[in-house]
Amino acid sequence: MRKIILLGYMGCGKSTIAKTLSNTTKIPFVDLDKSIEERANLTVNEIFEQDGEIYFRKLEHDIFIELLNSPEDLIIGLGGGTPCYANNHELLNGDAVLSIYLKASVATLFDRLVANKSKRPLIADKSEEEMKEFIAKHLFDRSYYYNQAQHKVNVDGRSIEQTVNEILNLLA
Ligand SMILES: Nc1ncnc2c1ncn2[C@@H]1O[C@H](COP(=O)(O)OP(=O)(O)OP(=O)(O)O)[C@@H](O)[C@H]1O
Ligand SMILES: O=C(O)C1=C[C@@H](O)[C@@H](O)[C@H](O)C1
Ligand SMILES: [Mg+2]
């Protein structure tokens, strides 16, 4: 059955947009980070601290595959790094998959993340100045993987409703 996959950098709005899209379409939404936390019975931060990032990436890949193979229609919100590890980027073009990159500028990402970085282990300990530089470099490194998505939706300066409407047009 059909899988709608939202991807993009931390803070681009995957979880927020997916929730509203799910309310509108009545297609259930699964957040990959939340699924990982439920499976491990630990927060993402705790998994990074206790088991390390490599363990997290393995769990992330395994659960992503499970979700893709599940028998129902789903909206899947990926983690910010999901397309950049294992062969996950190839899965963005699998059968019955519609993948959408929510593309945000460094400025938009910085504004959204600066107030809310503690739950994101890759930026939790960075100062504001370090964060801006980190996001810019990291986004550059990851863009190749994000651009493997079938569709790209620019989210800068867009309300949640505007972005959701753009995605609904892709589904029509
Ligand atoms: N127009 C908008 N569209 C989406 N999110 C927005 C918008 N304006 C503000 N936000 C805020 O941006 C923040 C980041 O969004 P969200 O947590 O959905 O990102 P994410 O891509 O799921 O991040 P992560 O990969 O870290 O889980 C949220 O606090 C959300 O409320
Ligand atoms: O960008 C990333 O690599 C991450 C983003 C989050 O969604 C989490 O999956 C985790 O914090 C790693
Ligand atoms: Mg999220």
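Miscellaneous remarks
- Taking GluC sites (Glu not before Pro) across the range 62-148, the ones in a DSSP loop with at most 11 further Cβ atoms lying within 10 angstrom of their Cβ are 72.
- Our estimate of slack between residue 168 and residue 24, defined as 0.36 nm per intervening residue step minus the Cα-Cα distance, is 50.9 nm.
- Spacing of the two label points (7 Å from each Cα toward its C-beta) at residue 160 and residue 136, in nm: 3.1
- Probe 1.4 Å - accessible area at residue 73, Å² to nearest ten: 50
- Taking the protein heavy atoms of the chain in the context of the full set of protein chains, the accessible area attributed to carbon and sulfur is 49 percent at 1.4 Å.
- At a probe radius of 1.4 angstrom, the accessible area of the range 41-145 per residue rounds to 53 square angstrom.
- Taking amide hydrogens as placed 1.01 Å from N in the peptide plane, the amide H of residue 29 sits under 5 Å from those of 75, each at least 5 positions away in sequence or on another chain.
- Only Lys, Arg, Asp and Glu carry charge here, each on its Cβ (+1 for the first two, -1 for the last two); on that basis the chain has a dipole of about 460 debye about its Cα centre.
- Residue-span extension gain [residue 2 to residue 86] - 0.36 nm each, minus C-alpha spacing: 28.0 nm
- Long-range amide H partners of residue 154 with built H, under 5 Å: 103
- Among complete DSSP H helices in the chain, those whose alpha-carbon atoms stretch at least 15 Å along the helix's long axis and whose mean Kyte-Doolittle hydropathy reaches 0.0 are 53-68, 160-171.
The values are calculated or read from the model by the stated rules, or taken from the named source; none is laboratory data. Note that this is a predicted model, so its numbers are computed, not measured. Glycine also receives a Cβ, built like all others from the backbone with ideal geometry; neighbour counts cover every protein chain displayed. Areas reflect the complete protein model, heavy atoms only, side chains present, ligands, DNA and RNA absent. Shrake-Rupley method; radii C 1.70, N 1.55, O 1.52, S 1.80 Å.
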